[in-house]
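What follows is a short report on a single structure.
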Ligand code: FAD
Ligand code: SF4
């Protein structure tokens, strides 16, 4: 057994090299490193790590396959409960899930479960024969529509197709993958990894109808009229929030969603694409979550001279993953903590040129349990900026709610669904961010899986 109390380090690009390119930051374990890290797992009789995983991957079993050099076997174990291992191995917040529960974490670092998951998935991908096709599936004659192609929709569509349903995924954008394609940057999750998963579903017979906005191109009622017997809504939470301060409509002020979509989906960083490259100069990103870190790190890569993260609480309350914050600091993102914007200023052409902020201090804990930020009177100051990116959270777009009668939503605009995804409307199921509000990839996948099972039950498929 490897008694080291520290995780086997994962090779990474150098910070000052990677902050100028979109190649992956973490390069993945070599076989030797994976074997070394797998050897840190003691194969607990009562493995707490499994209970920390929302889809209950049989962690010690897959790690023991790695120890036996059976990497394809390790992939098969993971894939039996997790349909997107290469994605989850890269972006799941393992530190608050499986790794938080790992017994090795009591005296040192937990086992690098996410890194090992990625290793097994990448091994499978590199060694899979290119003409591999899934076994013929017996059709059951049922048709199901899936709205949205993020992790919730993809997982639901995959499970339904494997059970023999004819599934069409309707996606508003021109490419399938949801946030995995338009939000999470290439340097954290290569788009080829996502498209491989989408193509795997195509091989299962799933059809993708891109550029189809449900609520505009077709309504949910029209899908039923067209012969679909059930509809799964996995349309995510893509509506950005703003601060409602003066100056937010100036040129050069973006929502993080728009900014990231321009860069990740519309490839603004590639010369061969027509998408205009966002301005360089000084960029201020407002917010402290993962989305803010992604926007800031993208801004640096497309040529900003200076990038600020403006966040109204302190480093301790920062909601982003520690690893993302660490990477951002290494890449020379400047954190302006306990600062809050109050107004954005522009030049005579209506382009942003300055942001006014106020300093904050932390008061008593609020409803979220975190100390409430309180403005320090008279502490206003200015920062010269060329771009402002608002990364303040998102909620579901109201289009589907407004065009589907009998579909109940809560006061935040999220569709109300039970644990199995059943909504107030007969035959309509929902899951992922559209139900929970902005959450995680693995939770969206879990919801898609549960809904698929409930849809099969609803259709009377054994
Ligand atoms: P989405 O992934 O949002 O997919 C919904 C899809 O539905 C979209 O493609 C959208 O275009 C489509 N759609 C919307 N409306 C319609 C309509 N009317 N008709 C047809 N299609 C429609 N989670 C992690 O676990 N780890 C991370 O590191 C991480 N980083 C993130 C970084 C960013 C920048 C963002 C924005 C989110 C991040 N998340 C992360 C959160 C995670 O990506 C989401 O929780 C997850 O993608 C939600 O999945 P979903 O399938 O519910 O929705
Ligand atoms: Fe291995 Fe940690 Fe899980 Fe125990 S808790 S089986 S050491 S990964």
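Sort out which residues of segment 47-64 are outside any loop (DSSP other than H, G, I, E, B), buried (at least 20 other Cβ atoms within 10 Å of the Cβ) and more than 7 Å from ligand 2 (Cβ to nearest atom), and write them in order of number. Result: 62, single match.
Restricting to segment 8-46, name every residue that is within 16 Å of ligand 2 (Cβ to nearest atom) and in a loop (DSSP other than H, G, I, E, B).
First, pick out the residues of segment 8-46 that are within 16 Å of ligand 2 (Cβ to nearest atom): 8, 29, 34-46.
Of everything in segment 8-46, those that are within 16 Å of ligand 2 (Cβ to nearest atom) and in a loop (DSSP other than H, G, I, E, B) turn out to be 8, 29, 39, 40, 41, 42, 43, 44, 45, 46.
Would you pick out the residues in segment 234-268 that are touching a helix residue (DSSP H, G or I) at 6+ places or on another chain (Cβ under 7 Å) and free of Cβ contacts under 8 Å to residues at least 60 places away in the same chain? Scanning segment 234-268 gives a single hit, 268. Among the residues of segment 99-110, is any assigned to a helix (DSSP H, G or I), within 16 Å of ligand 1 (Cβ to nearest atom) and outside the structural domain of residue 155 (by TED's automatic domain parsing)? Checking segment 99-110: at least one residue is assigned to a helix (DSSP H, G or I), within 16 Å of ligand 1 (Cβ to nearest atom) and outside the structural domain of residue 155 (by TED's automatic domain parsing).
A count restricted to segment 325-348 and to residues that are in contact (Cβ under 8 Å) with a residue 40 or more places away in the chain and in a helix (DSSP H, G or I) stands at 2.
Does residue 18 satisfy being buried (at least 20 other Cβ atoms within 10 Å of the Cβ) and either under 20 Å from residue 187 (Cβ atoms) or in contact with a helix residue (DSSP H, G or I) (Cβ under 9 Å, 6 or more places away or on another chain) (or both)? If you could, list the steps in order and put the result at the bottom.
Numbers: buried (at least 20 other Cβ atoms within 10 Å of the Cβ): yes; either under 20 Å from residue 187 (Cβ atoms) or in contact with a helix residue (DSSP H, G or I) (Cβ under 9 Å, 6 or more places away or on another chain) (or both): yes.
Criteria met by residue 18.
Scan segment 389-435 for residues that are surrounded by fewer than 24 Cβ atoms within 10 Å (Cβ to Cβ), in contact (Cβ under 8 Å) with a residue 12 or more places away in the chain and under 30 Å from residue 360 (Cβ atoms) and the total you get is 7. Selection of segment 145-185 for residues being in a loop (DSSP other than H, G, I, E, B) and more than 12 Å from ligand 1 (Cβ to nearest atom) yields 163, 164, 165. It is to be established whether one or more residues within segment 282-292 are farther than 17 Å from residue 394 by Cβ, crowded, with 18+ Cβ neighbours inside 10 Å and within 16 Å of ligand 1 (Cβ to nearest atom). Yes: one or more hits. Condition test on residue 231, is it touching a strand residue (DSSP E or B) at 6+ places or on another chain (Cβ under 6 Å), in contact (Cβ under 8 Å) with a residue 12 or more places away in the chain and crowded, with 22+ Cβ neighbours inside 10 Å? Answer is yes for this residue.
Select, from 117, 72, the only residue that is away from ligand 1 (no atom under 16 Å from the Cβ), under 24 Å from residue 195 (Cβ atoms), in a helix (DSSP H, G or I) and touching a helix residue (DSSP H, G or I) at 6+ places or on another chain (Cβ under 8 Å).
Sole residue among the options that is away from ligand 1 (no atom under 16 Å from the Cβ), under 24 Å from residue 195 (Cβ atoms), in a helix (DSSP H, G or I) and touching a helix residue (DSSP H, G or I) at 6+ places or on another chain (Cβ under 8 Å): 72.
Screening residue 247 against (1) assigned by TED's automatic domain parsing to the domain that holds residue 426; (2) on the phi > 0 side of the Ramachandran plot; (3) surrounded by 16 or more Cβ atoms within 10 Å (Cβ to Cβ) leaves a single unmet condition, (1).
The values are calculated or read from the model by the stated rules, or taken from the named source; none is laboratory data. Quick caveat, the model's predicted, so the values are computed rather than measured. Because the Cβ atoms are built from the backbone with ideal geometry, glycine has one as well, and the counts that use them run over all protein chains shown.
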